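Working notes, structure below.
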Amino acid sequence: MKKPNFTETFKTVKPILGMVHLPPLPGSPEYDRDGGIPKIIEYAVEDARRLEAGGIDALQIENQFDKPFSLPEDIGNEVVAVVTAAATEVIRAVSVPTGVNIHLNGAEQALAVALAVGARWIRVFALANAYISTSGYVQAAGPQLLRYQREIGAEHILILGDFHVKHGSHSLIADRPLVEQALDAEEAGADVIIATGFKTGVAPDAENIREVRAGVNVPIFLGSGLSVMNAKTLLPVIDGAIVGSTFKEDGKITRPVDTKRVQRFMDAIRRLRDE
């Protein structure tokens with residue numbers, strides 16, 4: 001199947017992707033045995049519906065609360081199974097495009113889920129190079145992921161790839177300019193490159209994004225930190241953004257989605273798109 005282009009996937013310019021953060025899954029330390037899997041799916045569907053009601057352009061599902069995250073080789077079968085179940089119900093419940101991310105750097109697992117449920121893209125934290133995460137050494141996923149994508153016939157699923165991703169040390173490649181690291185991700189298979197700040201909710205510098213944008217040949221998304229306050233500065237230099245905690249009640253990542261916060265944010269984004 002032919003890989004769709006950016007516009008075919010996201011249906012709008014400068015799309016905003018709202019996060020559906022799954023509650024702790026089976027196997028993680030904070031998993032709620034009393035609520036179980038039905039509660040996880042119910043929570044995910046409700047957040048997805050609230051995001052859509054607020055006017056979001058697209059959704060991304062991820063196991064945000066499976067902390068501390070397992071390294072890719074240790075991600076359990078139960079994680080893949082429950083993410084698949086939750087993503088299936090979310091896609092049934094909403095009409096906006098949906099993608100999948102599995103922590104930590106579970107690229108092949110996310111691709112398998114996306115293929116099974118009809119998701120349009122996956123996010124991968126480390127396509128190229130490597131970094132030291134809070135869970136340990138994370139290797140580049142790209143070499144095996146692209147071969148796996150070909151093997152299972154998933155070339156139509158876009159790959160959103162980070163470079164110099166947040167929550168880790170990149171000391172082995174820190175002497176190389178950001179644009180070179182971004183090009184590494186592009187060459188490793190990224191259809192969209194993601195730029196992030198140093199932690200969740202913190203945006204990268206606009207000038208750094210401009211420098212990277214001038215050196216790569218694929219769209220650039222902002223992976224953290226976009227807000228109503230900084231959108232006027234950042235939106236012109238990016239092609240889209242992933243937004244999580246900003247859409248939650250009181251702006252706290254552990255809270256449910258607040259539809260009114262989504263509406264206010266998306267109204268501001270639409271005004272800026274029209275300028």
| field | Sparse-neighbourhood loop sites, trypsin sites (Lys or Arg not before Pro) in the range 1-46 - DSSP loop, at most 10 other Cβ within 10 angstrom | value | 2, 33
| said: Run the helix sum for the chain: -39,500 (n - 2.57) per DSSP H stretch of 4+ residues, divided by residue count, reported at 222 nm to the nearest 500 deg cm²/dmol. | reply: -11000 deg cm²/dmol
| query | Each residue of the range 180-193 in order: what ³J(HN,Hα) in whole Hz does its phi give by Karplus 6.51 cos²θ - 1.76 cosθ + 1.60, θ = phi - 60°, with x for Gly and Pro? | reply | 5, 5, 5, 5, 4, 5, 4, 5, 7, x, 6, 7, 9, 9
| field | Dipole magnitude of the chain, debye to nearest 20 (Cβ charges: Lys/Arg +1, Asp/Glu -1, about Cα centre) | value | 720 debye
| message | Going by amide H atoms built from the backbone, whose H comes under 5 Å of the H on residue 58, apart from near neighbours? | response | 16, 18
| request: Mind checking which of 256, 28, 178 is farthest towards the positive end of the chain's charge dipole, using Cβ charges of +1 (Lys, Arg) and -1 (Asp, Glu) about the Cα centre? | output: 256
| query | Under 5 Å between amide H atoms, partner at least 5 residues away or on a different chain: which partners does residue 124 have, H built in plane at 1.01 Å? | reply | 160, 161, 162
| query | Say each of residue 146 and residue 260 gets a label point 7 Å from the Cα, pointing the same way as Cα to Cβ; how far apart are those two points in nm? | reply | 4.9 nm
| said: Could you tell me the ratio Rg/Rh of the chain? Both radii from Cα atoms, Rh via Kirkwood. | reply: 0.93
| query | For the chain, what's the relative contact order in percent, using C-alpha pairs closer than 8 Å and at least 6 residues apart? | reply | 18 percent
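Restricting to DSSP loop positions (anything but H, G, I, E, B) with no more than 13 other Cβ atoms inside 10 Å of their own Cβ, which chymotrypsin sites (Phe, Trp or Tyr not before Pro) remain in the range 1-89?
Filter output for the range 1-89: empty list.
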| note | FRET efficiency (residue 250, residue 270; Cβ distance; R0 22 Å; to 0.05) is 0.40
| Which FRET efficiency value, to the nearest 0.05, do you get for residue 207 and residue 5 by plugging their Cβ-Cβ distance into 1/(1 + (r/R0)^6) with R0 = 25 Å? | 0.35
| remark: Between the modelled labels at residue 233 and residue 92 (7 Å from Cα along Cα→Cβ) the distance in nm is 4.5 nm
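Laboratory data are not the source of any read-out in this text; all were calculated from the coordinates shown. Since this is a predicted model, take the numbers as computed values, not measurements. Quick reminder, even Gly has a Cβ in these numbers, built from the backbone with ideal geometry, and neighbours come from all protein chains shown.
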